[in-house]
Structure formats: structure tokens, C-alpha cells
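The structure under discussion appears below in the form of C-alpha cells.
The values are calculated or read from the model by the stated rules, or taken from the named source; none is laboratory data. As the structure is a computational prediction, the values presented were derived from the model and not from experiment. Because the Cβ atoms are built from the backbone with ideal geometry, glycine has one as well, and the counts that use them run over all protein chains shown. Heads up: the accessible areas ignore ligands, DNA and RNA and are worked out on the full protein's heavy atoms, side chains in. Shrake-Rupley method; radii C 1.70, N 1.55, O 1.52, S 1.80 Å.
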Amino acid sequence: MNSDRSPCFEVTADSSIKQGDIFFDIPIIAPTPNPEDYTQGNKIQLLIETFDVVVVSQTCDLNKQKIEYVTLCPHWPFSELSERRPEFGKSGLLGNIKKSLRVPRYYYMEECNIEGFERGESIVCFEEILRAPRSLLESYTGGDRIRLTTEFTYALMYSFGHFFIRPATPD
């Protein structure tokens, strides 16, 4: 079902980058996850992986060009989650994330029904903080793209903040 509107997303042709912007297939440089490379003084090899991401840096910092690197969180369609993270095979986890029940490291994004930008439900992962040069993301801003609406950007950032400000408990 296509429509011109989606409760979570809006289409923008704006060339500026804002909190809540959605980008697809962004190349990110990452170190190899081999702990021996770090502990034995080996040279660390880097990988280039592509990610679908949502911008979590503050819009005011981006607009005033106060930061060179943009903070991002990856997001994955439901269909890919069990491949990337085995815990998603556990019964009830996705349902709990959709209901925002005690799974603070994840945020649920609804499907997008905007014509030309259709996509299924996805999950944002706050555990994997990524960074990319602002200039790289600016090269992806030509033409129409989607971003979260203001209401859903606030909800995403509230959840992001909650993940990091939880007091430590033994459980």
C-alpha cells in the first residue's frame, strides 16, 4: 500500500544533514574484531563495511559545522536481524522491542509506505555507535531521501539517551 505520507518518515530534498536522517549503504571503516590484534601489539587491520544508518548527532552542531564526524547508529530490517544477531531468534524479543519493553539497546522503526521509499520495519541498534565524516554523508544528500519526522526523531533520541544514562545495577 503506497501513500504520500508515513507516520514516522518524511521525504526531504534538503542538502543539510539533520538528526533523524536515514542513509543507506554508507561505507564505514572499522577495525577487525580480533582481540589478539590489540593485546599482542599486532598491526590492526581495518575493514570497510556498508551500513544503513540513522544520524544521532545534534542538528545544531551539524548546521553550524561544529563537528567533522557525524555520530550514527546502524539499523537493520527485521528480515536480517537473526543473521546479524543470534539473540533475535529468541522468542518474544522483537515483540518486546516493538512495545519498548525492557530492551533499551534497540529502537523500533515502523515501515515506510511513502512511494519510492517503501521499506519494512527495522531496528536501530544503540550498542554499535558509528562515525563517518560529515563530507561523506553530504555526498549522499543529492535528491530526495527520507528522514524521521520531528516526533519520531525525539522518540529515537529519548531512547538513545535512556540507553546511556541508565544507572548501573547488578542485574
- How large is ³J(HN,Hα) for each residue in segment 121-134, as worked out from phi by the Karplus curve 6.51 cos²θ - 1.76 cosθ + 1.60 (θ = phi - 60°), to whole Hz, x for Gly and Pro? 4, 9, 10, 8, 10, 7, 5, 9, 7, 10, 9, 9, x, 4
- Item | Exposure rank, largest accessible area first [ARG119, ARG105; 1.4 Å] | ARG105, ARG119
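Could you calculate the FRET efficiency of PHE78 with GLN40 from 1/(1 + (r/R0)^6), where r is the beta carbon distance between them and R0 is 35 Å, rounded to 0.05? Walk me through the numbers on the way to the answer.
Numbers: r = 39 Å, r/R0 = 1.11.
According to the calculation, E is roughly 0.35.
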- Note on the structure: Largest-first ranking of MET157, MET109 by accessible area, probe 1.4 Å, whole protein assembly kept, is MET157, MET109
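How do PHE126, PHE160 rank by accessible surface area computed with a 1.4 Å probe, from largest to smallest? Don't jump to the answer; show the numbers that get you there.
Details: PHE126 0, PHE160 35 Å².
So, going from the largest accessible area down, we get PHE160, PHE126.
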- For the pair GLU127 and LEU47, how long in nm is the line joining their label points, each one 7 Å along Cα→Cβ? 1.5 nm
